[in-house]
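The values are calculated or read from the model by the stated rules, or taken from the named source; none is laboratory data. Because the structure is predicted, anything quoted here is derived from the model rather than measured. Because the Cβ atoms are built from the backbone with ideal geometry, glycine has one as well, and the counts that use them run over all protein chains shown.
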Amino acid sequence: MTGTDFLRNARGNDVGDTNYDKLPFYMKFSLNKGEDKDVIFLTEEGEHVGIPQHSVKVGKYFKDVTCMSALEAPCPLCQIAESNPAVKRAAGVRVYTVLDMTPRKDKEGKPVLDKETGKPIMYSRRFLILKPRAAAKLDSKLARLREKKKLTGSLVGAKFTIARSTDEMAPRSGDDFDFVDMADLSQFPADDVEELDYGRYFEPSAAALKILCANLNAPTQEAVSPFGGEGTEGVEGTEAQIDFD
Ligand SMILES: [Zn+2]
């Protein structure tokens, strides 16, 4: 079965439900160029989740989605990635849960308030997603900290400053890890220091792929969709729908 057949099957008869807003939204740790932030790890060393992940351009932004190869299933995005630059080839990533200790701000820089308490949100749980190079840097940092006995116990509770350089190639997750100290997690409400639900957001999902394929940017104006239908005109930075039928 080819990736195309797989997607046709995954789509079934339910072609209407391709609303992009139906994709699960999660908060990902990210940095601007030259920025650094403090995080506290909530995932134990070596117990991160490892998955193959595609980045898919929808409108102006990239959305990450787990590659179906994680289930040893054919993956339509792997096929599309061969010809459409809106879909990046799958890369193995690591996922950790961290407490991002930077108070949340909205786009205008104003504090985001907790809906229940009305107080500013001082920290937030996020997924820290590391591509292979950043993961290797974290590993070598941890090895050095352990060798020097600066980090002796669990990674859970370890506070790090993560920085992103101004280098063009530096990942949004940051790739420079500086150990600060061990935080006292008992100071936080228990629910705030639990790991996030990985399954909900990272399990390979035919439904999520269906939504992404229906919303991804078309490769070029003349391009024909890999599903047999005509691709609609794609303009960089705008939403272009591929018509499957
Ligand atoms: Zn794939």
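Filtered by the rule that a residue be surrounded by 15 or more Cβ atoms within 10 Å (Cβ to Cβ) and touching a Pro at 6+ places or on another chain (Cβ under 7 Å), segment 180-203 gives a lone residue, 201. The condition of being touching a Gly at 6+ places or on another chain (Cβ under 8 Å) and of a type in the set (A, V, I, L, M, F, W, C) does not hold for residue 112. When you check residue 143 against the structure, is it away from the ligand (no atom under 16 Å from the Cβ), surrounded by 13 or more Cβ atoms within 10 Å (Cβ to Cβ) and in a helix (DSSP H, G or I), yes or no? It is false that residue 143 is away from the ligand (no atom under 16 Å from the Cβ), surrounded by 13 or more Cβ atoms within 10 Å (Cβ to Cβ) and in a helix (DSSP H, G or I).
Say whether the condition of being among the acidic types (Asp, Glu) and either in contact with a helix residue (DSSP H, G or I) (Cβ under 9 Å, 6 or more places away or on another chain) or surrounded by 15 or more Cβ atoms within 10 Å (Cβ to Cβ) (or both) is met by at least one residue in segment 108-115. No, because not a single residue in segment 108-115 is among the acidic types (Asp, Glu) and either in contact with a helix residue (DSSP H, G or I) (Cβ under 9 Å, 6 or more places away or on another chain) or surrounded by 15 or more Cβ atoms within 10 Å (Cβ to Cβ) (or both).
For segment 49-68, filtered to residues that are under 15 Å from residue 214 (Cα atoms), hydrophobic (A, V, I, L, M, F, W, C) and at pLDDT 85 or above, the residue that is farthest from the ligand (Cβ to nearest atom) is 56.
Among the residues of segment 69-79, those that are near the ligand (Cβ under 9 Å from one of its atoms) and in a helix (DSSP H, G or I) comprise 69, 70, 76, 77, 78, 79. Restricting attention to segment 116-140, the residues that are surrounded by 12 or more Cβ atoms within 10 Å (Cβ to Cβ), charged (D, E, K, R) and part of a loop (DSSP other than H, G, I, E, B) add up to 1.
Scanning segment 160-169 for any residue that is of a type outside the set (D, E, K, R), touching a residue at least 40 places away in the same chain (Cβ under 8 Å), surrounded by 15 or more Cβ atoms within 10 Å (Cβ to Cβ) and in a loop (DSSP other than H, G, I, E, B) turns up at least one such residue.
Scanning segment 45-66 for residues that are of a type in the set (S, T, N, Q) and in contact (Cβ under 8 Å) with a residue 60 or more places away in the chain gives 53, 66. Sub-8 Å Cβ pairs linking a first residue in segment 67-81 that is over 11 Å from residue 52 (Cβ atoms) to a second residue that is among the aromatic types (Phe, Trp, Tyr) and more than 8 Å from the ligand (Cβ to nearest atom), at least 6 apart or interchain, are 73/6; 74/6; 76/6, ordered by first then second residue.
Hey, could you check segment 82-104 for residues that are in a loop (DSSP other than H, G, I, E, B) and free of Cβ contacts under 8 Å to residues at least 60 places away in the same chain and say which is farthest from residue 160 (Cα to Cα)? Checked segment 82-104; the qualifying residue farthest from residue 160 (Cα to Cα) is 82. Selection of segment 92-107 for residues being surrounded by fewer than 20 Cβ atoms within 10 Å (Cβ to Cβ) and within 16 Å of the ligand (Cβ to nearest atom) yields only 92.
In the set (1) crowded, with 17+ Cβ neighbours inside 10 Å; (2) in contact with a His (Cβ under 9 Å, 6 or more places away or on another chain), the condition left unmet by residue 89 is number (1).
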